[in-house]
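Visitor: I have a structure here, written as structure tokens, and I will follow up with some questions on it.
The values are calculated or read from the model by the stated rules, or taken from the named source; none is laboratory data. Small disclaimer: the values here were computed from a predicted structure and weren't measured. All Cβ positions, even for glycine, are placed from backbone atoms using ideal geometry, and neighbour counts span all protein chains on display. For the accessible areas, the whole protein counts, side chains as well, though only heavy atoms, and no ligand, DNA or RNA atoms are used. Shrake-Rupley method; radii C 1.70, N 1.55, O 1.52, S 1.80 Å.
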Amino acid sequence: MAQPLDADRLAEQLQRPGNRLAPLYAVSGDEPLLVTEAVDALRAAARNAGYTERLSMVMDARSDWSAVLAATQSVSLFGDRRILEIKIPTGKPGKAGADTLTKLAEQAEKQADADTLVLIALPRLDKATRESRWMQALSRAGTAVDIANVERGRLPAWVGMRLARQNQRADSATLQWMADKVEGNLLAAHQEIQKLGLLYPEGQLAAEDVERAVLNVARYDVFGLRDAMLAGDISRTIRMIDGLRAEGEALPLVLWAVGEEIRLLARIAEARALGQDVNGLMRRLRIFGAHERLALQALNRVQPAVWPAAVQHAHEVDRLIKGLSVAGRLSDPWEEMTRLALRVAAAGGRP
């Protein structure tokens, strides 16, 4: 059975002397820059291995999947080896697509050195899709490449690594500053880093030079705000709310992300106080992975009595959004939204 790889391990494997390509690759992820880089690296390795033709198909549940099988069985006019790229933007191929992908996997298992190398591009997969019959078949037959998003905590190191590729470096404070400016927009971050390579020589970058060159290209989303609040990161929580407001994000959506999280954690905190199975409850509430770690961090940091008051505060922000006045609350719902998020972030949080 093929072992799943992340982007870095894929790059190492492709650059290894004498490396032999798998007959099939399934690349999944939500970060366009990293997915594009992984696919480009696979294309380059395939060209070096003699796969000189390329056929690309965009498919979904309503597509004619018989064309995919036909493409693997047709012979090139000049007898060249080819790359067949199948892009499934929705990640849901439908029954016909699932059957076809399973057949492709079976073909790949039987022909380790086939004339057609199959490259399947998918968005980030949910648990049900990862465990589906067709995805399991693809993983067994070839190589599954899971491209993880760069979380905010890893972003300064990621920027530093990218600078090192062009023989430049910056101190930790400058890397943190750059991360603030490019958060949530990795493609723009990549472009800003390349710009620094064009503007300045190799070696140590001065903080003032970086600040002059790097634009504020950060993009904020409500789930990033939720994570900042749970992590107790006060300055980032405030910055993200200000950014969402400046970008024209709908305040009801912001309240939904923050308020729903507060309601869920209030429920879990109550269950914990009663000695109930917290892990089982979090599974039922579909809190997994990094979200689960941040949620537990917040539950351990915030006093239990804070949660019911925060739930009530969320209801009051909702009334303000609807144009109703609430005694003891600010008239600006965005300002009160900030105060609500800080009830959680500032409870033992960091400035």
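Visitor: Ignoring ligands, DNA and RNA, what percent of the accessible area of the chain is carbon or sulfur (1.4 Å)?
Guide: 52 percent
Visitor: Leaving out ligands and nucleic acids, and using a 1.4 Å probe, what accessible area per residue does the chain come to in Å²?
Guide: Ligands and nucleic acids excluded, the result is 51 Å² per residue.
Visitor: Here's something else I'd like to know. Quick one: Cα centre-to-centre distance for segment 141-193 and segment 79-94, in angstrom?
Guide: 29 Å
Visitor: Right, something else. Net charge near Ala295, counting Lys/Arg +1 and Asp/Glu -1 over other residues with Cβ under 13 Å of its Cβ? Intermediate values should be presented prior to the final figure.
Guide: Working: positive: Arg226, Arg263, Arg267, Arg272, Arg283, Arg286, Arg293, Arg301; negative: Asp227, Glu260, Glu261, Glu292.
With Lys, Arg at +1 and Asp, Glu at -1, the neighbours total +4.
Visitor: Please list 17-23, 45-51, 333-339, 270-276 highest first by mean number of surrounding beta-carbon atoms within 10 Å per residue.
Guide: 333-339, 45-51, 17-23, 270-276
Visitor: Quick one: grab the alpha carbon gyration tensor of segment 201-351, order the square roots of its eigenvalues as a ≥ b ≥ c, and give me rounded if a/c is under 1.5, else prolate or oblate depending on whether a/b is larger than b/c.
Guide: Cα axes put segment 201-351 in the oblate bin.
Visitor: So which helices of the chain fit the span-like rule, where a helix is a whole DSSP H run, its Cα atoms reach 30 Å or more along the axis, and its mean Kyte-Doolittle is at least -1.0?
Guide: 251-273
Visitor: If you don't mind, another one. Beta carbons within 10 angstrom, averaged per residue: use that to sort the peptides 285-295, 232-242, highest first.
Guide: Packing order, densest peptide first, comes out as 232-242, 285-295.
Visitor: Okay, next question. I want to make sure I understand the PRE zone here: with the label point 7 angstrom from the Cα of Arg263 toward its beta carbon, which residues in segment 271-291 have backbone N atoms less than 17 Å away?
Guide: Within reach of a label on Arg263, which here means backbone N under 17 Å from a point 7 Å along Cα→Cβ, segment 271-291 contributes 271, 282, 284-287.
Visitor: For segment 151-275, with the dipole built from +1 on Lys and Arg beta-carbon atoms and -1 on Asp and Glu ones, taken about the Cα centre, which of Ala188, Ala273, Leu205 lies farthest toward the positive end?
Guide: Ala273
Visitor: How large is the helix-only mean residue ellipticity at 222 nm for the chain, computed as the sum of -39500 (n - 2.57) over DSSP H runs with n ≥ 4, divided by its residue count, in deg cm²/dmol to the nearest 500?
Guide: -18000 deg cm²/dmol
Visitor: List nothing, just return the count: lysine pairs in the chain, 8 or more apart or interchain, with Cα separation under 17 Å.
Guide: So the count works out to 6.
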